[in-house]
Each structure stands twice: as structure tokens, then as C-alpha cells.
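Student: Here you go, one structure.
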């Protein structure tokens, strides 16, 4: 069966929609997207999945095959464990959520999009902090550099590894756990590059 990669990429963006819809976080139009995702989720789509005691993480590249010079997205869906909250990037007193990429030739980092956080009030300390308690999505824009010396290094290259770490600190209603660093690795397939 032949599948148009552009159409498949559109459906890949719905990866976490099924969970979000059943948890009551999506509007009716998004629920339709989740139904479509149920159909395409039977296809063999590469994804990175990681579980820690504090969260479940699923991520994928969109699209899977990248044309050098064009922007693509790394989509990370995170579901905090029950009763857990994860500190948002705006937090300074605790360890905030951070996504750090290993520098490598040819990889260009674009905008990093975090969702809006929610306010958490911790009564014993009488403090308010920005956290994530519900499932949320991070989107990192990326590109493969085709300028200058980078274009020469792309000749005959069929794929590129992207390495990063996700850093976070999670707490429940009574305990703040030690900050964690989760190593992540994706492989992006490169379309033939023509300088």
C-alpha cells in the first residue's frame, strides 16, 4: 500500500490527541482529529517513548523525512503521573522544565514552544508556582542547514541523529523529588540534498 508522506505527516501531529480527548481536554473538532489518529495509529510510525516515576513522554518528528533547508518539528507529548506537577520554564526557585540539544554541525534550532502553565498554590509555604499537572505538548522547530560548509557535509547523508536532554523537577502534594535529566535521541531521515 502506498502512503503519501505529506498526508502521513499531517496525521502524525495528532499523536497525543486520543489520550487528550478521552481525558476531556479537547474540543469536539479535536476529538474528530483523535478519531482520525486512531485509524492511522495502526501504521508503523517511529516514536520515542520514555517513562519515569513522574511522567510518560512520547515524541516524534514531523515530518519523518526532511528536506534540508526546510523547517520541521520535534513534537513532545508529556503526561504527568497522577498527583504530580512539573515546574514550568518560568519557575526560578525550583528546577524548571528545560529541553537542551547537543550542538552538532548542520542542525539549526528554531523556536521552542511551551504551552501555558497553570498556577499551583502550596499552602504549607504559602506560595504560588507555575506548573504542568495535565497532559501537555512541547514543540521545537528545527532545520537542517544548507548554507556554506554545512551543505558539503550533507552530500550522500541519508539520516541525522538529534540528541537532547529533558530536565525537570516533579513534586506531589507532599514531596519534591530530585531533579531528573532524561536523555533523548531521534533519527531524522534526509531527502536527497541538491546544492
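The values are calculated or read from the model by the stated rules, or taken from the named source; none is laboratory data. Source: prediction; values computed, not measured. Every residue, glycine among them, receives a Cβ derived from its backbone with ideal geometry; neighbour counts consider all protein chains shown.
Student: Please work out which one of (1) modelled with pLDDT of 90 or more; (2) closer than 21 Å to residue 158 by Cα is the condition residue 8 fails and give its number.
Tutor: (1)
Student: While we're here: Could you please give the count of residues in the range 47-75 that are assigned to a loop (DSSP other than H, G, I, E, B) and either touching a helix residue (DSSP H, G or I) at 6+ places or on another chain (Cβ under 6 Å) or without any contact (Cβ under 8 Å) to a residue 24 or more places away in the chain (or both)?
Tutor: 1
Student: Oh, and also: Out of the residues in the range 168-184 that are under 20 Å from the mean Cα position of the chain (by Cα) and either part of a loop (DSSP other than H, G, I, E, B) or modelled with pLDDT under 95 (or both), state the one that is surrounded by the most Cβ atoms within 10 Å (Cβ to Cβ).
Tutor: Per the criteria, the residue is 169.
Student: Filter the range 115-147 down to residues that are surrounded by 10 or more Cβ atoms within 10 Å (Cβ to Cβ) and in a strand (DSSP E or B), then give me how many there are.
Tutor: 18
Student: Now for a separate question. Go through the range 99-114 and report how many residues are surrounded by fewer than 16 Cβ atoms within 10 Å (Cβ to Cβ) and part of a strand (DSSP E or B).
Tutor: Residues in the range 99-114 being surrounded by fewer than 16 Cβ atoms within 10 Å (Cβ to Cβ) and part of a strand (DSSP E or B): 7 in total.
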